[in-house]
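The values are calculated or read from the model by the stated rules, or taken from the named source; none is laboratory data. Please read all numbers here as calculations on a predicted model, not as lab measurements. So basically every Cβ, Gly included, is an ideal-geometry build from the backbone, and we count neighbours across all protein chains shown. These area figures cover heavy atoms from the full protein model, side chains too; ligands, DNA and RNA do not enter into them. Shrake-Rupley method; radii C 1.70, N 1.55, O 1.52, S 1.80 Å.
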Amino acid sequence: MATPAIRMNVTLSADNLVFDKKSLARVFRQAGSEVAATARTLLRQSSGGGRLYYGPGGSAGPYRGGYKAGKYRASAPGQIPAKITGTLARSIKVRPFRSGEGVAIRDTAFYALFLEAGAHGGGRSSSGGAGGRATKGTQISGRTYRRGNKAVGKSRVLTARPFLEIALAQRETSLGPRIRRAVQQGIKLEKPSA
């Protein structure tokens with residue numbers, strides 16, 4: 001005996017589907033706050049494993065801890081930036097999009113992008129001797145700048161020390177399903193008006 005087959009065609013237009021963004025906006029706001037909190041924790045717990053600096057002194061005092069007495073160790077390339085003053089962790093901001101379809105997580109410290117993505121440039125390097133000339137035996141990485149036939153300096157290279165990217169990667173597995181669920185719950189079928 002054959003089983004009866006039932007075939008049904010349902011025609012939906014885009015006018016019949018409505019998307020409620022309230023729950024999605026709430027999930028994005030929570031997700032942004034969680035990623036920012038994770039990044040702050042990573043920054044506050046990092047101890048550095050790179051170059052050793054001695055303070056006080058230098059024009060970058062408030063930014064690199066140059067005003068601090070004693071020595072401190074900076075982060076190595078690829079590591080989370082070492083905590084010196086705490087400015088980097090304090091300046092992380094979370095701003096949900098007005099549309100409710102996303103969130104921006106930014107670090108407002110001017111040097112945050114240099115650390116996150118890396119940077120190069122800067123012209124003359126003042127590694128040692130007077131006038132920005134390197135002392136004998138000092139090695140500077142980067143492109144050599146020349147004036148005529150004389151080398152006058154090298155550009156500086158800062159290899160990336162990501163922290164927001166690492167925080168996002170750590171939270172990604174828990175955030176993906178929640179965002180997907182919020183999108184699915186936000187889709188509603190509305191009866192067409194007569």
| What are the residue pairs meeting all of these: first residue in the stretch 22-49, first residue free of Cβ contacts under 8 Å to residues at least 40 places away in the same chain, second residue surrounded by fewer than 20 Cβ atoms within 10 Å (Cβ to Cβ) and not in a loop (DSSP other than H, G, I, E, B), Cβ atoms under 7 Å, and 6 or more apart or on different chains? | G48/R73; G49/R73
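Residues checked against (1) in contact with a Pro (Cβ under 8 Å, 6 or more places away or on another chain); (2) at pLDDT below 80; (3) aromatic (F, W, Y); (4) surrounded by 14 or more Cβ atoms within 10 Å (Cβ to Cβ):
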| site | (1), (2), (3), (4) |
| --- | --- |
| G122 | no, yes, no, yes |
| T144 | no, yes, no, no |
| K150 | no, yes, no, no |
| S155 | no, yes, no, yes |
| R161 | yes, no, no, yes |
| I166 | no, no, no, yes |
| G176 | no, no, no, no |
| R181 | no, no, no, no |
| field | Within the stretch 20-52, considering residues that are exposed (fewer than 14 other Cβ atoms within 10 Å of the Cβ) and closer than 13 Å to P96 by Cβ, the one farthest from the chain's Cα centre (by Cα) | value | K22
| remark: Taking the stretch 94-107 and keeping only residues that are open to solvent by less than 80 Å² (accessible area, probe 1.4 Å) and either touching a strand residue (DSSP E or B) at 6+ places or on another chain (Cβ under 6 Å) or modelled with pLDDT of 90 or more (or both), one is left with V94, P96, V103, A104, I105, D107
| message | Can you say whether D15 is at pLDDT 75 or above and among the charged types (D, E, K, R), as far as the supplied structure shows? | response | no
